[in-house]
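Nothing in this text is a laboratory measurement; each read-out follows from the coordinates by a stated rule. Since we're looking at a predicted model, the values are computed, not measured. Ideal geometry is used to build each Cβ from the backbone, glycine not excepted, and the neighbour counts take in all protein chains shown.
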Ligand code: C2E
Ligand code: MG
Ligand code: MG
Ligand code: MG
């Protein structure tokens, strides 16, 4: 699987392509074309309140509707987009498109939870991220609180002072911040002290390990850190009822994962948001004797 090779590969498909300059140039050209020809799409994965089952948030995840290869996932092209710097333009498109979609849902009369978008470290450097966000919010008449930015810990590695300044400006606009894949990267508790973060997203690797004693202890420790700092928690990659039960017992705030919902198209989100007001998805999935 492509994911197993990690995120920092340039290859579109085969490992053999990696490092081949000609293919890299081709991919870069294709990414440029994809932007022009509007081949990128966003799918949306809901996050559910672990206790009430309400949809507490949504995460926008980019896909590339490739004319030949079909629907490509970010692991196939995000690293190349970052390497070439095109991620800045792609990232700006993601922010605009996400805001546009929120406006469409709102205009359809739905109650729309906060929508999270992933941002790459490059979007902080040599680029006005705050300006991009401001423009999108204004264009679609949204308040800052409709948007959340998901950063990985690696964002802080280069020029942290600039990153802090940009994030502080965004916070003042009401934009929320979450740390993605928490615990899996270059974790430093320093940035949690300096940054006004709202949410820690517990990396899928910890969730996968939750059945073991040590794995459970790790998740518990992360949730305790979050509680102490008054931060929200979202568990990523929840795939089984056992994981869900453990996470609920540990008082995890929100649950994101294939067990409850896969990333979906805007119309499916529409149905979900309308349905969610009537049905509790978590209660439907949990064995009845848990209550
Ligand atoms: P992420 O932000 O940590 O997103 C979560 C990933 O886990 C998504 O993969 C999602 O589809 C997947 N996932 C959700 N639930 C489950 C589950 O229960 N089991 C498993 N095995 N996986 C689950 P996806 O969409 O392929 O995205 C991968 C990564 O690509 C994201 O990880 C994020 O780092 C990056 N990415 C996605 N969209 C964007 C974007 O617009 N901009 C940037 N810069 N990066 C993006
Ligand atoms: Mg949230
Ligand atoms: Mg994310
Ligand atoms: Mg993540």
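Just name the residue that is farthest from ligand 2 (Cβ to nearest atom) out of those in segment 137-157 that are within 24 Å of residue 202 (Cβ to Cβ) and surrounded by fewer than 17 Cβ atoms within 10 Å (Cβ to Cβ).
Looking at residues that are within 24 Å of residue 202 (Cβ to Cβ) and surrounded by fewer than 17 Cβ atoms within 10 Å (Cβ to Cβ), I get 157.
Return the only residue of 126, 185 being within 16 Å of ligand 3 (Cβ to nearest atom) and more than 14 Å from residue 94 (Cβ to Cβ).
On the way: 126 fails: within 16 Å of ligand 3 (Cβ to nearest atom).
When all the criteria are applied, what remains is 185.
For segment 248-257, give me each residue that is surrounded by 14 or more Cβ atoms within 10 Å (Cβ to Cβ) and more than 12 Å from ligand 1 (Cβ to nearest atom). Break it down stepwise before answering.
Looking only at segment 248-257, we keep the residues that are surrounded by 14 or more Cβ atoms within 10 Å (Cβ to Cβ), and these are 248, 250-257.
Listed by number, the residues that qualify are 248, 250, 251, 252, 253, 254.
Only one residue in 92, 108 is farther than 18 Å from residue 180 by Cα, crowded, with 19+ Cβ neighbours inside 10 Å, touching a residue at least 24 places away in the same chain (Cβ under 8 Å) and more than 16 Å from ligand 4 (Cβ to nearest atom), so which one is that?
On the way: 108 fails: crowded, with 19+ Cβ neighbours inside 10 Å.
Of the residues listed, the single one that is farther than 18 Å from residue 180 by Cα, crowded, with 19+ Cβ neighbours inside 10 Å, touching a residue at least 24 places away in the same chain (Cβ under 8 Å) and more than 16 Å from ligand 4 (Cβ to nearest atom) is 92.
What single numbered condition from (1) more than 21 Å from residue 257 (Cα to Cα); (2) surrounded by fewer than 19 Cβ atoms within 10 Å (Cβ to Cβ); (3) away from ligand 1 (no atom under 13 Å from the Cβ); (4) in contact (Cβ under 8 Å) with a residue 24 or more places away in the chain fails to hold for residue 51?
Tallying (1) more than 21 Å from residue 257 (Cα to Cα); (2) surrounded by fewer than 19 Cβ atoms within 10 Å (Cβ to Cβ); (3) away from ligand 1 (no atom under 13 Å from the Cβ); (4) in contact (Cβ under 8 Å) with a residue 24 or more places away in the chain, residue 51 fails exactly one: (1).
Looking at segment 228-242 only, could you name the residues that are touching a strand residue (DSSP E or B) at 6+ places or on another chain (Cβ under 8 Å) and within 19 Å of residue 177 (Cα to Cα)?
So the first thing to find is which residues in segment 228-242 are touching a strand residue (DSSP E or B) at 6+ places or on another chain (Cβ under 8 Å), and the list is 231-236, 238.
Of everything in segment 228-242, those that are touching a strand residue (DSSP E or B) at 6+ places or on another chain (Cβ under 8 Å) and within 19 Å of residue 177 (Cα to Cα) turn out to be 231, 232, 233, 234, 235, 236.
Quick check, is residue 260 within 16 Å of ligand 2 (Cβ to nearest atom), touching a residue at least 60 places away in the same chain (Cβ under 8 Å) and surrounded by 18 or more Cβ atoms within 10 Å (Cβ to Cβ)? Full working, then the answer.
On the way: within 16 Å of ligand 2 (Cβ to nearest atom): yes; touching a residue at least 60 places away in the same chain (Cβ under 8 Å): yes; surrounded by 18 or more Cβ atoms within 10 Å (Cβ to Cβ): yes.
Spelling it out, residue 260 is indeed within 16 Å of ligand 2 (Cβ to nearest atom), touching a residue at least 60 places away in the same chain (Cβ under 8 Å) and surrounded by 18 or more Cβ atoms within 10 Å (Cβ to Cβ).
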